Amino acid sequence: MIKLYYEKILAWIKAYHLEIGVGLCFILPPIGIVWLVVIGWDHLNKAVYRRAPFSLNVTTFFFMCLLVSAAGAGIVRQNASYLLIVGLIAGYLGLYLYIKETLTLGSFQRYKRIVIAGGFYLFLSGLMLKDHSLNGIFAFLTGTQFIGGSGGSSQARLFGSAYNPNFTAFLLLLTFTFVLTSMIGHFKNKENRLLLYQVPLILVIAAAIFQTGSRSGVATMFILCLFLVIKLNPKLGITCLGMMFAVRDQLIALIPRTEVIDHSAMARKEIWLNSLSIWKDNTFFGTTPLGYYDSYLELTGKGVPHAHNMFLAFFAEYGTIGGLAFLILAGSVAFKFCCLYFMESKRKHLLNLFMISIPIIFLTGILDHPLVSPQTALITVILLASWDRYTEPVHVVQKSAAYVKRAFLRISLQAEKSHNLTKSQKNKGKY
């Protein structure tokens, strides 16, 4: 009997090992990180020995460039600890390949539900520990230990099990977009029973994003909502944009920690300039995320964990090789994004979900670098692999390009028609 239960448990773990890893990233982050990285290593090992396919595309090229940069930095700087970054990126690459190869609609829906549950867990754990500080191995294992700043600054900000309020804001934004797109789909289908719990949930998640104190997180939430309204109803979206512009001062007042915006802006500028200097000193391979802190400390005498800008961070941490690879990846994502915006997909729910979840990566990366955390990076790798799987078929890009051409052709025809109408009216006036 015990053996039967043991075999059932093993079979269940084998069937849902990815979902277990994602869940552990929220509950026990270090274990979840190792779990997902091991899945990536296992699949990459199979791909190397040709027991699993290796698809070469822009994203895999990006990860391979990061591998080269991290290995090169370790050799140039003669630091064996950088091999940890090589192993981590290899895990990212393997996990990406695994998701892209095995993803189904059902597994993606499970991933989405786990992220939503994880976002709610972040809120609850952060609420319970807001007035308490935990230390030691238990705090590290549960993600409730503040990392990346002074402990005093963390007490007024919610961060739950993500170590840092800015990382929490990133994960909560993913939760927010997943719930929002589900809510819109159920609203269109008039599934009022599901809306009864989704509306309070999205309000709770929105409140949690405010409580993280992340200015970029709150601003990104507003931008994503506005973008979705414009996509679903352009006239209503433009009206909302005009209204937001009219009350811009009141909206700015809603952004957390506005009293220190000037100080933060000056600090960011200093960090960015110093990050450029670090890149200049480590032009080809960078410093890796592990070496950035030491390089910054050596340059300025201050300890800063990352560049607080994702674009600069890839150049400083992975040199010109990794930075250019990231720009190519960002350009590829932007191209697909612009094409798909004009596309009418049969799976509109998934299209809308990707349309407002993918920009989170870049919008939050303007003033911060949430992907420096393996916890957020692994969850993002799964999202990025799902996005590439969704946009993989050639006919999707071809259809999208056709929609873009058709849209521009329609605009030009309307402009020509209005021009001819104006010209004929002028001619009539002459006679």
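If you check E344, E416, E392 for being surrounded by 12 or more Cβ atoms within 10 Å (Cβ to Cβ), modelled with pLDDT under 85 and among the charged types (D, E, K, R), only one passes: E392.
Among the residues of region 274-309, those identified as open to solvent by 60 Å² or more (accessible area, probe 1.4 Å), aromatic (F, W, Y) and assigned to a helix (DSSP H, G or I) are W279, Y293.
Helices (runs of 4 or more DSSP H) fully within region 1-80 that include at least 2 residues being free of Cβ contacts under 8 Å to residues at least 12 places away in the same chain: 2-15, 29-48. State whether one or more residues within region 40-61 are within 20 Å of the chain's Cα centre (by Cα) and within 30 Å of I137 (Cβ to Cβ). Checked against the condition, which is being within 20 Å of the chain's Cα centre (by Cα) and within 30 Å of I137 (Cβ to Cβ), region 40-61 yields at least one hit.
Picking from residues in region 222-268 that are open to solvent by 80 Å² or more (accessible area, probe 1.4 Å) and of a type in the set (D, E, K, R), the one that is nearest to L351 (Cα to Cα) is K235. Here is the figure for region 291-320: residues that are more than 21 Å from the chain's Cα centre (by Cα) and under 21 Å from F170 (Cβ atoms) total 3.
Is it the case, given these coordinates, that A162 is at pLDDT 80 or above, within 16 Å of the chain's Cα centre (by Cα) and either closer than 30 Å to K302 by Cα or of a type in the set (D, E, K, R) (or both)? Criteria met by A162. Are any residues in region 87-115 modelled with pLDDT of 95 or more, open to solvent by 30 Å² or more (accessible area, probe 1.4 Å) and β-branched (V, I, T), and if so, which ones? Hit for region 87-115 is I114, nothing else. A80 satisfies every condition listed in (1) open to solvent by 40 Å² or more (accessible area, probe 1.4 Å); (2) within 17 Å of V37 (Cβ to Cβ) except (2). For the criterion of being modelled with pLDDT of 85 or more and buried (at least 24 other Cβ atoms within 10 Å of the Cβ), A207 fails.
The values are calculated or read from the model by the stated rules, or taken from the named source; none is laboratory data. Values in this document were obtained by computation on a predicted structure and should not be read as measured data. Positions of Cβ are backbone-derived with ideal geometry, glycine not excepted, and every protein chain shown enters the neighbour counts. To get the accessible areas, we keep the full protein, side chains included, count just its heavy atoms, and leave off ligands, DNA and RNA. Shrake-Rupley method; radii C 1.70, N 1.55, O 1.52, S 1.80 Å.
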